[in-house]
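Some notes on the structure that comes next.
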Amino acid sequence: MVETGWLSDPIGRINNLSLAPSPKNTLQPMFEALMNSIHAIGERFGNDRLASGVIDIEMTQNGEGSYTGFIITDNGIGLNLDNMISFRKSDSMKKVKFGGKGVGRLLWLKVADKVGVSSKYVSDGGIASIQFDFVADPSEPISNLVEGATAGDVGTTVRLTPLKIAYALHIPVKLETIAVRTVAHFINYFVNIDCPKIILMDSESSIVLFDQFTEDMVRDKTYPIKVQVDGEERKLSLNCFLVPKKYSDDETGTNGLFFGAHGRAVKRHEMDSVIGLKAIDGKYAFFGYLEGPMLNESVNDTRTEFSLGDDTIDDLKRECIIGMQDFLLVEIDKVRDRQIQTIVDVRNEHLRFYNIAKDPAEIASKMSLATQKDEDIFVELSRHSLRQYKKARRQFAEAKSKDLPDIDQKAKEYVSELQDESLSSLAEYIYKRKLILDMFEDRSGFDDIDAEKAHYEKVVHELICPLGSTKSDLDYEDHNLWIIDDRLAFYSYFNSDKQLKAQADSIDKRRPDITLFDLGMGFEKGASLEPITIIEFKRPKRDDYTMSDNPFTQVQDYVKELRSAGEANRFDGRMIRPIDPDTPFMCQIIADDTASLRDVMDRLNGFYKKAGSKSYYRWDSHFRIFMEVTSYSDLISGAKARHAAFFDKLGVSP
């Protein structure tokens, strides 16, 4: 006859338990033994008298002092006949009302080859003892059994040592770390005064967990939580704690929300990004512990997950966040203040957001507390600006399509939105020009004040127009030719620090600083009489010019070479325009008014000084060159003067 009953395979059951070696998982079997001790104490003294219980957790160590396992001793009811029967049953139902799944003992054999158990219990009016090794042997899981009568107090000792090497290597090296992780796992017990006295010890020190936790706690508060599940209201409790960051489940001190079942933390949810806080005031962490019948009913057998839908989990988290934000109101206000200041800083630097962020506090209230970095806030302000624009456009379109009576008002709001956006963008553009001028002014001074050594001209050149580039490489906003003359920005083609042989039919390797060909905006006609502009930078404060080394003969040589080439070419060889003997050249020389420069100008003759300035001009009829010499101070003051009205309107000093 075929047998139809279940056949138990404990080895397969143990192998199938999910418990990979890790710092967190290595402590799990110890937590199971500790939970058994708490239940045993409840059975002996009653669950309302848990404080009568005492549990010692001794860390075993090898010769080098490294931890190898745990010895857990309690003064609970002991392994009496009923408990021993339950111990021998796989998936025992004895502790279902306490949240037990009957598999905790199997976790012991997941991490250790054998577990020593000894216990004293009341039997027939006396004290009996039992001692054995628990092993993963289907035929004889209880080996080396010794029973008999004895004396003394009842209780149980579980020797969960030595652990398999893969797990032992993951035991935290500090006793304090094991203490705080144990508290975090059993947080619900530690928030009640009626808690067993649990002592963690090694060969050198000991920690009374409840005393340490109570001493360290900053504050706590409980909030009622309600959610709707399948049309039914379910009630839970959220216990909030502000504790030293060492009590965080993460050793770095991050905040966490724990979903717990039957008095134990099961699932941790990261809260740093939600509440926008890491180590609070640099030294505290937040604990949230959610508990209730709904979680007790849905926890899995290894107490690592809940059989709840994602929507339910999200609803629970959302309600918990409301409670946490109230609990951390003071700390969150500090985050908001920093967030508001960052919004102000980003708005002031990027004035396109000036209209959007007129009320930084209102904008901050709509942002996640985790949005604190300037880059993240820049993105949020951009998103807010786009949404506001789309909203105004959509409302106008709806009013127009439905011929609503408020279409005129919607049109005005839409146009106003466009105007505000445009003015904000213009304000940012003008403000950035102010910052560029400030930087340019700094670069035109001494690099080493004590040595009176100025920046090289390449530094100044790079700021106005990147070296080695052409108009094909750069957009309008990528260069700052407007500092010299706003019209230069609209030339159809220019080269920056390019060899003459790359600009014309020439073998000359010299590099004019900047050459510009033909005005754009409709003026590119290819006519040879359109002027060509050459800009040459000289080192600020330079005062060693000679008749053989000066910018005037330098630009004359450039002009002569370009004229001899007969045409100007793009980087790819295509012709830009013809150049003939009558083509005019405008040569802008940026150089400070120093004694040696004036001496060269006197010798060359024909230079005239602009009234009230340190700049000069000259028409060279032989080369058909109009030369203009502009000092750095005049260049800066001229650019500032052209923008003075804009700067004044923005309230920034020119």
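Couple of notes before you dig in:
- Candidate set from the range 263-280 (those that are in contact (Cβ under 8 Å) with a residue 40 or more places away in the chain and open to solvent by 40 Å² or more (accessible area, probe 1.4 Å)); member that is farthest from GLY292 (Cα to Cα): SER273
- Residues that are within 19 Å of THR26 (Cβ to Cβ), open to solvent by 30 Å² or more (accessible area, probe 1.4 Å) and in contact (Cβ under 8 Å) with a residue 40 or more places away in the chain, drawn from the range 105-124: LYS110, ASP113
- The set of residues from the range 557-580 being buried (at least 16 other Cβ atoms within 10 Å of the Cβ), more than 56 Å from the chain's Cα centre (by Cα) and among the basic types (Lys, Arg) comprises just one member, ARG563.
- Given (1) open to solvent by 20 Å² or more (accessible area, probe 1.4 Å); (2) modelled with pLDDT under 80; (3) at negative phi, index of the condition MET521 fails: (3)
- In the range 161-185, of all residues being among the β-branched types (Val, Ile, Thr) and open to solvent by less than 20 Å² (accessible area, probe 1.4 Å), the one that is farthest from ILE207 (Cα to Cα) corresponds to ILE171.
- Qualifying residue in the range 37-50 (condition: at pLDDT below 85 and among the acidic types (Asp, Glu)): yes
- Residues within the range 625-654 that are modelled with pLDDT of 85 or more and of a type in the set (D, E, K, R), tallied: 2
- Only one of the numbered conditions (1) at pLDDT 80 or above; (2) buried (at least 19 other Cβ atoms within 10 Å of the Cβ) is not met by LYS501, and that is (2).
- So GLU204, is it loosely packed, with under 15 Cβ neighbours inside 10 Å and either out of contact with any strand residue (DSSP E or B) (no Cβ under 8 Å at 6 or more places or on another chain) or more than 28 Å from PHE258 (Cβ to Cβ) (or both): yes
- Per-region count, the range 309-334, residues open to solvent by 70 Å² or more (accessible area, probe 1.4 Å) and closer than 30 Å to ASP216 by Cα: 8
- Top-ranked residue of the range 300-342 - restricted to ones that are of a type in the set (Gly, Ala, Ser) and part of a loop (DSSP other than H, G, I, E, B), ranked as nearest to ILE377 (Cα to Cα): GLY309
- Tally of residues being charged (D, E, K, R), assigned to a strand (DSSP E or B) and open to solvent by 50 Å² or more (accessible area, probe 1.4 Å) across the range 130-155: 1
- Count of residues meeting criterion [part of a strand (DSSP E or B), in contact with a helix residue (DSSP H, G or I) (Cβ under 6 Å, 6 or more places away or on another chain) and surrounded by 20 or more Cβ atoms within 10 Å (Cβ to Cβ)] in the range 54-77: 4
- Within this structure, ASN80 passes the test of being modelled with pLDDT under 95, surrounded by 15 or more Cβ atoms within 10 Å (Cβ to Cβ) and touching a strand residue (DSSP E or B) at 6+ places or on another chain (Cβ under 6 Å).
- Residue check for VAL158: more than 30 Å from GLY65 (Cβ to Cβ), among the β-branched types (Val, Ile, Thr) and open to solvent by 10 Å² or more (accessible area, probe 1.4 Å): no
- Failed condition for VAL229, given (1) over 24 Å from LEU27 (Cβ atoms); (2) under 31 Å from the mean Cα position of the chain (by Cα): (2)
- Single unsatisfied condition, THR583 versus (1) of a type in the set (Val, Ile, Thr); (2) under 24 Å from ILE464 (Cα atoms); (3) at pLDDT below 90: (2)
- Looking only at the range 538-556, and only at residues there that are open to solvent by 70 Å² or more (accessible area, probe 1.4 Å) and at pLDDT 90 or above, the one that is nearest to SER633 (Cα to Cα): ASP543
- Matching residues, the range 559-579, being touching a residue at least 60 places away in the same chain (Cβ under 8 Å), of a type in the set (D, E, K, R) and within 16 Å of THR470 (Cβ to Cβ): ARG570, ARG577
- Matching option when the condition is crowded, with 18+ Cβ neighbours inside 10 Å and without any contact (Cβ under 8 Å) to a residue 40 or more places away in the chain, among PHE286, PHE213, PHE241, PHE306: PHE213
The values are calculated or read from the model by the stated rules, or taken from the named source; none is laboratory data. Everything numeric in this text was worked out from a predicted model, so none of it was measured. Every residue, glycine among them, receives a Cβ derived from its backbone with ideal geometry; neighbour counts consider all protein chains shown. In case anyone asks, the SASA skips ligands and DNA or RNA and just uses the protein heavy atoms, side chains included. Shrake-Rupley method; radii C 1.70, N 1.55, O 1.52, S 1.80 Å.
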